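The values are calculated or read from the model by the stated rules, or taken from the named source; none is laboratory data. Remember, predicted model here, so these are calculated numbers, not experimental data. No Cβ is skipped: glycine too gets one built from the backbone with ideal geometry, and neighbour counts run over all protein chains shown. Heavy atoms of the whole protein, side chains included, go into the accessibility calculation; ligands, DNA and RNA do not. Shrake-Rupley method; radii C 1.70, N 1.55, O 1.52, S 1.80 Å.
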Amino acid sequence: MATWKRTRGFWVSVILAFAFFAVVQWLIASGTLNVFYVNTLFFMAINVMLAVSLHLIIGITGQFSIGHAGFFAVGAYASAVMTMKLQMPFAVGVLTAGVAAMLAGLIIGVPSLRLKGDYLAIATLGFGEIVRIALLNIDYVGGASGMTVTHMTTWPWVFACLFVTILVISNFTNSTHGRACISIREDEIAADAMGINTTYYKVAAFAIGSFFAGIAGALYAHHFYIIQPSNFGFLKSFDILIFVVLGGLGSLSGAAVAAILLTIVSTFLQNYPETRMIIYSIVLILVMLYRPTGLMGTKELSSLFKWRKAAEGGMNHGSKNTVA
Amino acid sequence: MAAKTPLLKAEEVGIQFGGLKALSGVTMELYQGELVGLIGPNGAGKTTLFNLLTGVYVPTEGRIVLDGETLNGLPPYKITRKGISRTFQNIRLFGELSVLDNVKVAYHAHARHSMASSILRLPSHFRGEQEMEEKAIEFLKIFQLDEVMHEKAKNLPYGQQRRLEIARALAAQPKVLLLDEPAAGMNPQETKELMNLIAFIRERFALTILLIEHDMSLVMGICERIYVLDHGQLIAEGTPEQVRSNPKVIEAYLGEEVS
Ligand SMILES: Nc1ncnc2c1ncn2[C@@H]1O[C@H](COP(=O)(O)OP(=O)(O)O)[C@@H](O)[C@H]1O
Ligand SMILES: [Mg+2]
């Protein structure tokens, strides 16, 4: 009974998510949603996956990674090589994408996360550029002209990957392991002094985040027919970073909402890249001015609902019952 | 007492920061169940000694031994797991986490459910989290913080933040508890309550406690033995009476009130 109370909110979300899946599946099958909307929807989902995976690294663990597009690229190319060069099924491509990005994450993360300080920012910035330049110069994957990739990404795949990404990251966050990560974000020295293996948790969060960025890369590669190194430059990393910052560092749903809103904005401004940057800048300035903690602060969408409050024994935001 | 082996021992430890010798040749022994004071003027090296004992810095000379095992070079989290836990002079709570979660973090090392079990929400996850919650609330009750357990730690008043830091250190289940000026910034009433609390937890958890205090009169009342540091060196040790009448100590504290 107690377990049911605690997990009721979870099951309500799951049912809503599957209802959404079924409705969209029906709309696509019946041809009601045209290609433009389907493209936007898929791009939204991919961006949400990128935002949520970076949120785990920056928002939860407090490690500043600014080359997330690098892991996205590793996933995209790894999956494309699997399906296009080695004729493997799409599922193998998706899994390889995640594993390859995670390995890249470990190679970057293990040496730079052992140190306290912002070495990760420098390492990831460099990594993003190295990946892009390497891809430009590897003829096997098409160099600057990129790789053509068969369309294999379907709505069930997109939904399943998005669902698993959010589920894994939110389950991780809402456990003693996630609290260990948050304690590192809050005060690394104190976390260490309380017995938290800080290097282990920083690397774990970074590897999980990289893994899902890789999965997003596989979906992206197999949806847009062609992938080129220029799709994965610093501006893409910057876009993902904006989702997380705009959403409110520390809020998963905030990062997701920001990713959805900004995908819509940039879709409508696709042909006016300058206008897009101007609007981005204005949005950012407005947020800094009026909501400096981001759209959601560290709160989650779910905390707006009563059942969640009851399930967690009340959040007591700003209550004044602190006697003594 | 001399026949017994000490629980925690610092042997001739010292550390140098660049050219500055912050601490040198400090030898200190803590026996099971003792409440020992560490006093000295500001800048004497008290916090630095804590940082050596907890692995924040590695001593450039000497050895630190807990229960017969040398701790030199171990990272802080391993030392904590071996049984030394601490509070900080400048409070270091996890501000955005709730009071309850602050304590749970310290209990983390004793949790047995794996990362995989949490991601897959296996029964062991729910059991483990349940146990952590019960333990954490138990500690909060002792410190009368259970009523504010859902508050963010950063929103607590100062006195409660100090108490929460001790509760959190205890939740790591140490053998030796190091308290760095726990009464700093408290009014006399709060200080008195805190000292009673320290005496209580020491009995209740069979703890060995090393207490840093800048104010001499405070430690005199509750500590059995006292070490005095000045300019990075031990200048005296003994019972409160011995220390109080030691001319070196009086000189070190010249101009300050000695009671
Ligand atoms: N990381 C460090 N680098 C350089 N000097 C330090 C460092 N930590 C402490 N010190 C120096 O060591 C001396 C002792 O400081 P501290 O242990 O904080 O004194 P206390 O806690 O007794 O007031 C001071 O002179 C301080 O400046
Ligand atoms: Mg000090």
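Within the range A:185-197, the residues that satisfy the criterion of being crowded, with 24+ Cβ neighbours inside 10 Å and assigned to a helix (DSSP H, G or I) are A:ALA190, A:ALA191, A:ASP192, A:ALA193. Taken over the range A:170-183, the criterion of being within 9 Å of another protein chain (Cβ to nearest Cβ) and touching a residue at least 24 places away in the same chain (Cβ under 8 Å) is satisfied by A:PHE172, A:HIS177, A:GLY178, A:ILE182.
Tallying residues that are within 12 Å of ligand 1 (Cβ to nearest atom) and of a type in the set (Val, Ile, Thr) within the range B:34-57 yields 4.
Listed conditions (1) open to solvent by less than 70 Å² (accessible area, probe 1.4 Å); (2) under 15 Å from the mean Cα position of the chain (by Cα) are all met by B:LYS175, apart from (1). In summary, B:LEU52 fulfils each of the numbered conditions (1) within 16 Å of ligand 2 (Cβ to nearest atom); (2) open to solvent by 40 Å² or more (accessible area, probe 1.4 Å) with the single exception of condition (2). Please determine whether any residue of the range B:125-133 is within 14 Å of A:ARG179 (Cβ to Cβ) and either open to solvent by 40 Å² or more (accessible area, probe 1.4 Å) or more than 10 Å from chain A (Cβ to nearest Cβ) (or both). Checked against the condition, which is being within 14 Å of A:ARG179 (Cβ to Cβ) and either open to solvent by 40 Å² or more (accessible area, probe 1.4 Å) or more than 10 Å from chain A (Cβ to nearest Cβ) (or both), the range B:125-133 yields at least one hit.
Looking at this structure, is A:VAL149 over 23 Å from B:GLY128 (Cα atoms), modelled with pLDDT under 95 and not small (Gly, Ala, Ser)? Yes; evaluated as a whole, the condition is true for this residue. Please tell me if B:GLY68 is open to solvent by less than 10 Å² (accessible area, probe 1.4 Å), away from ligand 2 (no atom under 16 Å from the Cβ) and of a type outside the set (A, V, I, L, M). Taking the combined requirement at face value, the residue does not satisfy it. Report whether or not B:GLY62 is more than 13 Å from ligand 1 (Cβ to nearest atom) and either touching a residue at least 60 places away in the same chain (Cβ under 8 Å) or over 20 Å from A:ILE182 (Cα atoms) (or both). So B:GLY62 fits the description; yes.
Restricting attention to the range A:238-256, the residues being open to solvent by less than 10 Å² (accessible area, probe 1.4 Å) and under 11 Å from the mean Cα position of the chain (by Cα) number 4.
Restricting attention to the range B:78-87, which residues are of a type outside the set (D, E, K, R) and facing chain A (nearest Cβ under 7 Å)? The answer is B:THR80, and nothing else. Given A:PHE90, A:PHE127, which one is aromatic (Phe, Trp, Tyr), over 20 Å from A:THR199 (Cβ atoms) and buried (at least 17 other Cβ atoms within 10 Å of the Cβ)? Exactly one of A:PHE90, A:PHE127 is aromatic (Phe, Trp, Tyr), over 20 Å from A:THR199 (Cβ atoms) and buried (at least 17 other Cβ atoms within 10 Å of the Cβ), namely A:PHE90. Evaluation of B:SER85 against the conditions (1) buried (at least 19 other Cβ atoms within 10 Å of the Cβ); (2) touching a residue at least 40 places away in the same chain (Cβ under 8 Å); (3) within 16 Å of ligand 1 (Cβ to nearest atom) shows that the sole unmet condition is (3).
With respect to the conditions (1) surrounded by fewer than 24 Cβ atoms within 10 Å (Cβ to Cβ); (2) among the hydrophobic types (A, V, I, L, M, F, W, C); (3) in a helix (DSSP H, G or I), A:ILE66 lacks only one, and its number is (3).
Remark: B:LEU74 matches the filter, which requires a residue to be more than 11 Å from every other protein chain (Cβ to nearest Cβ), away from ligand 2 (no atom under 16 Å from the Cβ) and either at pLDDT 95 or above or open to solvent by 10 Å² or more (accessible area, probe 1.4 Å) (or both).
Each residue in the range A:14-45 was checked for being exposed (fewer than 11 other Cβ atoms within 10 Å of the Cβ), hydrophobic (A, V, I, L, M, F, W, C) and not in a helix (DSSP H, G or I), and 0 of them qualify. Regarding B:LEU97, is this residue under 20 Å from A:GLY195 (Cβ atoms), within 14 Å of ligand 2 (Cβ to nearest atom) and either within 14 Å of chain A (Cβ to nearest Cβ) or of a type outside the set (A, V, I, L, M) (or both)? It is false that B:LEU97 is under 20 Å from A:GLY195 (Cβ atoms), within 14 Å of ligand 2 (Cβ to nearest atom) and either within 14 Å of chain A (Cβ to nearest Cβ) or of a type outside the set (A, V, I, L, M) (or both). Please verify whether B:ARG92 is basic (Lys, Arg), within 16 Å of ligand 1 (Cβ to nearest atom) and open to solvent by 50 Å² or more (accessible area, probe 1.4 Å), treating the condition exactly as stated. Considered against the rule, which asks whether it is basic (Lys, Arg), within 16 Å of ligand 1 (Cβ to nearest atom) and open to solvent by 50 Å² or more (accessible area, probe 1.4 Å), B:ARG92 comes out as yes.
Look at (1) open to solvent by 30 Å² or more (accessible area, probe 1.4 Å); (2) among the β-branched types (Val, Ile, Thr); (3) away from chain B (no Cβ under 14 Å) and you find that A:ILE166 fails only one, number (3). Selection of the range B:13-27 for residues being within 14 Å of ligand 1 (Cβ to nearest atom), out of contact with any helix residue (DSSP H, G or I) (no Cβ under 8 Å at 6 or more places or on another chain) and open to solvent by less than 50 Å² (accessible area, probe 1.4 Å) yields B:GLY14, B:SER24. Is it true that some residue in the range B:40-48 is open to solvent by 10 Å² or more (accessible area, probe 1.4 Å), more than 16 Å from ligand 2 (Cβ to nearest atom) and not in a loop (DSSP other than H, G, I, E, B)? Scanning the range B:40-48, I find no residue that is open to solvent by 10 Å² or more (accessible area, probe 1.4 Å), more than 16 Å from ligand 2 (Cβ to nearest atom) and not in a loop (DSSP other than H, G, I, E, B), so the answer is no.
Against the criterion of being among the polar types (S, T, N, Q), closer than 28 Å to B:GLY95 by Cβ and modelled with pLDDT of 95 or more, A:THR165 does not qualify.
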